[in-house]
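One structure is given here, and the rest of the page talks about it.
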Amino acid sequence: ARQGERLLLTAEDIACPAAASALGFKPLPSKLETGEMLKGFGIFQDESMAARTIRAMPRLELGKYSGTLLGPLGSFPVLPDVVLLEGPVEKLMWVALAYLNASGGRLYSSTAVLQAICVDSAVLPFLQDTINLSYGCYGCREATDLGEGEAALGFPGPQLPMVAENLLRLREKAIPRCRERTILRAWRQRSGPADGGGLLAGGGDWREAGEPESAPLGGPKRE
């Protein structure tokens, strides 16, 4: 769907056994249920912890649905049950804020850092009728083109008109103003290079004062 294609997932043509179980197409294989498979992939070191995680995974009722239709949002023939988005974290942040504009308060997301697309971004929003954000997982990062700086979220399809309307409102002022980074640029202009080669720290990254923005981030501190 991300590549512009429409496809129908059924029990016969879905390759991932964990996703097949999550969508209610097939029972969970025993090697997944016991945690053996996750340990074999090096995802968990303890089979019992892997099994505990798998048991806590939300799933659709076995046999209730015969298929799942996927497709690009812009050309989908009907209002979907779930809108699933993959992309840069900053863009997903604005989608989440657009969703929150309708209710206020706080958003709470649930993830096992497994089955990020099928469960976190599809099944869970469908079952709980709410938005959910996910960091991604081993499977979606190993088997798809999801980028290192990308994540995923899903929200109920009936909320799409509201989210789209609120995104347009955010685009009028908040989004462009935030992306201009006016405060950061003004601070840099006022501060200038610090004496003594100090460090400018933020978000776990480091850069020696006075180094250009293209300087490597996140490496060990140089002496």
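The values are calculated or read from the model by the stated rules, or taken from the named source; none is laboratory data. Note that the structure is a prediction, hence the values are computed from the model and not measured. Cβ: placed from backbone, ideal geometry, glycine included. Neighbour counts: every protein chain shown.
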(request) May I ask you to verify whether ILE131 is touching a Phe, Trp or Tyr at 6+ places or on another chain (Cβ under 6 Å) and either farther than 27 Å from SER21 by Cα or aliphatic (A, V, I, L, M) (or both)? (result) yes
(request) Return the total of residues in the stretch 41-72 being over 17 Å from CYS118 (Cα atoms) and either within 20 Å of the chain's Cα centre (by Cα) or free of Cβ contacts under 8 Å to residues at least 24 places away in the same chain (or both). (result) 11
(request) Of the numbered conditions (1) in a helix (DSSP H, G or I); (2) polar (S, T, N, Q); (3) surrounded by fewer than 17 Cβ atoms within 10 Å (Cβ to Cβ), SER121 fails exactly one; give the number of that condition. (result) (3)
(request) Just one of (1) closer than 17 Å to PRO156 by Cβ; (2) surrounded by 15 or more Cβ atoms within 10 Å (Cβ to Cβ); (3) not aromatic (Phe, Trp, Tyr) trips up ALA102, so point out which. (result) (2)
(request) Considering only the stretch 132-178, state which residues are among the aliphatic types (A, V, I, L, M) and under 19 Å from CYS118 (Cβ atoms). (result) LEU133, ALA143, LEU146, ALA151, ALA152, LEU153
(message) Can you list residue pairs whose Cβ atoms sit under 6 Å apart, with the first residue in the stretch 139-167 being part of a strand (DSSP E or B) and the second being among the aromatic types (Phe, Trp, Tyr)? Count only pairs 6 or more apart in sequence or on different chains.
(response) ALA151/TYR135; PHE155/TYR99
(message) Any residue at all in the stretch 146-165 that's under 25 Å from the mean Cα position of the chain (by Cα) and at pLDDT below 90?
(response) no
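Does any residue of the stretch 73-86 turn out to be within 11 Å of the chain's Cα centre (by Cα), surrounded by 15 or more Cβ atoms within 10 Å (Cβ to Cβ) and not aliphatic (A, V, I, L, M)?
yes
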(message) I'd like the full set of residues that are of a type in the set (A, V, I, L, M) and either surrounded by 13 or more Cβ atoms within 10 Å (Cβ to Cβ) or modelled with pLDDT of 95 or more (or both), limited to the stretch 166-196.
(response) LEU167, LEU168, LEU170, ALA174, ILE175
